[in-house]
Amino acid sequence: ETGVTQTPRHLVMGMTNKKSLKCEQHLGHNAMYWYKQSAKKPLELMFVYNFKEQTENNSVPSRFSPECPNSSHLFLHLHTLQPEDSALYLCASSPLGGENTDTQYFGPGTRLTVL
Amino acid sequence: QQQVKQSPQSLIVQKGGISIINCAYENTAFDYFPWYQQFPGKGPALLIAIRPDVSEKKEGRFTISFNKSAKQFSLHIMDSQPGDSATYFCAARGASGGSNYKLTFGKGTLLTVNP
């Protein structure tokens with residue numbers, strides 16, 4: 001497995017459910033990101049982790065809870081979501097330091113539907 | 001201040017034609033401008049990027065033109081092919097505090113290249 005992988009690829013959940021999205025990167029990067037992609041809107045940065053430490057929380061509601069146990073894994077825990085949270089959730093990673101620090105590599109995303 | 005405005009929202013081009021997508025920004029502190037390409041069911045992938053100290057960068061059929069004074073940059077796809085049909089996002093990198101940076105994305109352009 002190479003690059004950035006995300007599981008599950010599709011998720012349907014009710015508003016009272018609790019679920020988690022998983023991201024894993026095999027690139028040796030030290031920064032990981034969660035983005036939300038909704039139709040006809042720009043990609044919205046949600047969270048950034050550098051060396052497992054959260055460095056950015058872009059005013060995300062508390063029903064989204066990130067976890068980064070190590071530089072290769074990133075989770076997004078979901079609970080009591082709303083239908084408007086339905087979107088494609090993308091994980092990305094990037095190196096820290098060096099010439100290619102700007103390049104973010106994205107996973108395929110998890111298509112989330114909240115009923 | 002942090003917005004990146006992208007146009008057009010959708011574009012249809014004949015095979016062999018030139019596709020042009022434009023982006024404009026306000027924040028003069030942006031210092032790196034990547035373009036991402038996204039196919040259905042995939043995450044965005046870095047296509048080409050430019051820094052503001054150059055006015056043009058070319059990689060194969062893809063060229064970025066950058067106008068610092070106008071705060072505009074554009075992607076040109078020469079000899080467009082049906083395989084280029086995808087959604088294209090421009091982005092701009094800016095500081096988000098301390099040594100952290102983040103990308104601000106445009107809303108995307110859906111390009112369709114007809115055979």
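Read-outs throughout are calculated quantities, based only on the coordinates presented, and are distinct from any laboratory measurement. Quick caveat: nothing in here was measured; it's all calculated off a predicted structure. Here the Cβ is made from the backbone with ideal geometry for all residues, glycine too, and neighbour counts use every protein chain on show.
Laid out as a table, the results:
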read-out: Cys residues of the protein assembly as shown counted as unpaired, since no other Cys beta-carbon is under 4.7 Å; value: A:Cys68
read-out: Normalised alpha carbon radius of gyration of chain A [divisor 2.2 N^0.38 Å]; value: 1.01
read-out: Peptides ranked, highest mean first, by Cβ atoms within 10 Å: ranges B:35-43, A:32-40; value: A:32-40, B:35-43
read-out: Cross-link partners of A:Lys36 among lysines (Cα-Cα below 24 Å; sequence separation of 8 or more within a chain); value: A:Lys18, A:Lys19, A:Lys22, A:Lys52, B:Lys5, B:Lys42, B:Lys102, B:Lys107
read-out: Per residue, the convex hull volume that the Cα atoms of the protein assembly as shown enclose (Å³); value: 129 Å³
read-out: Percentage of interatomic Cα-Cα distances in chain B larger than 18 Å; value: 47 percent
read-out: Hydrodynamic radius of region B:55-115 per Kirkwood, over alpha carbon pairs, in Å; value: 13.5 Å
read-out: Cβ-based net charge around B:Ala24, under 11 Å, with every Lys or Arg adding one and every Asp or Glu removing one; value: +1
read-out: Restricting region A:37-104 to GluC sites (Glu not before Pro) in coil, as DSSP defines it, with at most 12 other Cβ within 10 Å; value: A:Glu99
